[in-house]
1. Of all residues being open to solvent by 90 Å² or more (accessible area, probe 1.4 Å) and under 23 Å from Leu42 (Cα atoms) in region 296-339, which is farthest from the ligand (Cβ to nearest atom)? Just the residue, please.
2. Can you find even one residue in region 134-141 that is free of Cβ contacts under 8 Å to residues at least 12 places away in the same chain and in a helix (DSSP H, G or I)?
3. Does region 206-218 include one or more residues that are more than 16 Å from the ligand (Cβ to nearest atom) and of a type in the set (Phe, Trp, Tyr)?
4. Can you name the residue in region 171-184 that is closer than 19 Å to Ile223 by Cβ and in contact with a Lys or Arg (Cβ under 9 Å, 6 or more places away or on another chain) and, of all such residues, is modelled with the lowest pLDDT?
5. For Leu284, which of the numbered conditions (1) more than 10 Å from the ligand (Cβ to nearest atom); (2) open to solvent by 50 Å² or more (accessible area, probe 1.4 Å) fails to hold?
6. Of the residues in region 17-72, how many are within 17 Å of Leu180 (Cβ to Cβ), at pLDDT below 90 and among the small types (Gly, Ala, Ser)?
7. Take region 16-37 and flag every residue that is surrounded by fewer than 17 Cβ atoms within 10 Å (Cβ to Cβ) and polar (S, T, N, Q).
8. Of all residues in region 38-52, which are surrounded by 20 or more Cβ atoms within 10 Å (Cβ to Cβ) and under 26 Å from Pro254 (Cβ atoms)?
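The values are calculated or read from the model by the stated rules, or taken from the named source; none is laboratory data. Bear in mind the structure is a predicted one, so any value in this text is a computation, not a measurement. Using ideal geometry, Cβ is built from the backbone for each residue, glycine included, and neighbour counts are taken over all protein chains shown. Just the protein is used for accessible areas: all its heavy atoms, side chains included, with ligands, DNA and RNA removed. Shrake-Rupley method; radii C 1.70, N 1.55, O 1.52, S 1.80 Å.
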Amino acid sequence: MTSTDQQPFLSVKDLQVHFSTEDGIVKAVDGLTFDLTKGQTLGIVGESGSGKSVTNLAILGLHDPYHTRIDGEILLDGQELLTASESELSRLRGKKMSMIFQDALASLSPYHTIGTQIGETYRKHTGASKKEARARSIEMLRRVGIPQPDLRVDDYPHQFSGGMRQRAMIAMALVCDPELLIADEPTTALDVTVQAQIMDLLKDLQQEFGTAIIFITHDLGVIADIADDVLVMYGGRCVEQGTKQEVLRTPQHPYTLGLLSSMPSLEGPVDVPLSPIPGAPPSLLNPPSGCRFHPRCAFTEKVAGGLCSTERPQLEVVDGRGSACHLPSGQRKEIFADFAVTRH
Ligand code: SF4
């Protein structure tokens with residue numbers, strides 16, 4: 001998916017990530033395709049277990065190699081990652097691609113100072129001296145808004161607040177100016193003010209470095225703030241994709257519609273009741289046949305021949321816009337029109 005005519009920096013084609021477990025094969029990602037260009041942010045949205053995080057661990061080569069089977073193609077700046085050696089992936093991680101995790105405390109070592117951890121990443125990829133790495137750590141801490149960075153660089157993670165730790169992780173992820181940044185629910189555990197500061201920081205850094213960002217979240221409000229393009233995942237598959245405006249303003253898939261209906265609208269009347277999607281996300285060990293959303297979908301009766309439970313709807317993408325649903329497009333437009341009337 002691209003918002004411009006530029007060549008994609010990251011290109012994922014028909015990605016399949018399957019885990020073998022004692023109970024059988026878990027199809028965590030089942031045929032995912034998307035592109036991302038430099039300087040753009042792709043928001044990947046979906047409930048827990050939809051395959052969002054697994055997709056990104058596969059891109060970074062951080063999956064368990066003994067129990068995971070990955071098929072498809074992942075091209076980063078023209079280089080195939082799925083056939084790259086571990087040493088090549090390790091060279092690319094940190095320098096060319098980097099990730100910010102949700103839980104900074106769990107991702108930072110409690111035994112080393114913040115400065116050492118940022119500096120080590122820098123040294124590993126640039127061969128800089130300890131002195132240069134320390135100076136770079138201070139510069140990065142300053143850039144992510146840590147006050148008195150020349151003093152705080154010697155603090156341990158437990159001496160930082162939650163928001164500061166998250167900033168330190170961002171500093172570590174960006175210390176080598178990666179061209180691809182994957183942010184996995186990076187602000188979920190933070191209060192709203194810090195959340196807003198971190199989003200602004202990511203936008204500033206993207207402007208400065210032209211970074212391509214994948215932002216994983218279950219929160220459509222965050223998507224509205226930061227994404228250029230959006231990919232909606234359900235049960236390991238992409239069910240809808242398009243620009244942020246297209247997906248949030250004119251959704252074409254009942255699941256996206258459900259996500260939007262379950263969040264408060266900032267623009268509409270305040271008394272519109274929220275309607276959460278009934279049921280629970282599917283088991284990927286034994287996923288529903290046909291459309292994986294069919295056990296929770298309110299529109300299956302509008303599709304002739306019981307196709308929803310028997311046939312997988314294909315994702316048809318034209319100019320980066322597409323959705324996977326058997327509903328005829330005319331009917332989807334009517335459904336969306338009703339949604340728009342209730343919300344605005
Ligand atoms: Fe609902 Fe059927 Fe469309 Fe799936 S294919 S989203 S079950 S209408």
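1. Looking at residues that are open to solvent by 90 Å² or more (accessible area, probe 1.4 Å) and under 23 Å from Leu42 (Cα atoms), I get Asp319.
2. Taking region 134-141 as the starting set, the residues that turn out to be free of Cβ contacts under 8 Å to residues at least 12 places away in the same chain are 135, 139.
Restricting the remaining residues to those that are in a helix (DSSP H, G or I) gives 135, 139.
Checking region 134-141: at least one residue is free of Cβ contacts under 8 Å to residues at least 12 places away in the same chain and in a helix (DSSP H, G or I).
3. Yes - at least one qualifying residue is present in region 206-218.
4. Top of the filtered list is Asp184.
5. (2)
6. 1
7. Let us first name the residues in region 16-37 that are surrounded by fewer than 17 Cβ atoms within 10 Å (Cβ to Cβ), namely 16, 20-25.
Hits for region 16-37 are Gln16, Ser20, Thr21.
8. Passing the criteria: Thr41, Leu42, Gly43, Ile44, Val45, Gly46, Ser50, Gly51, Lys52.
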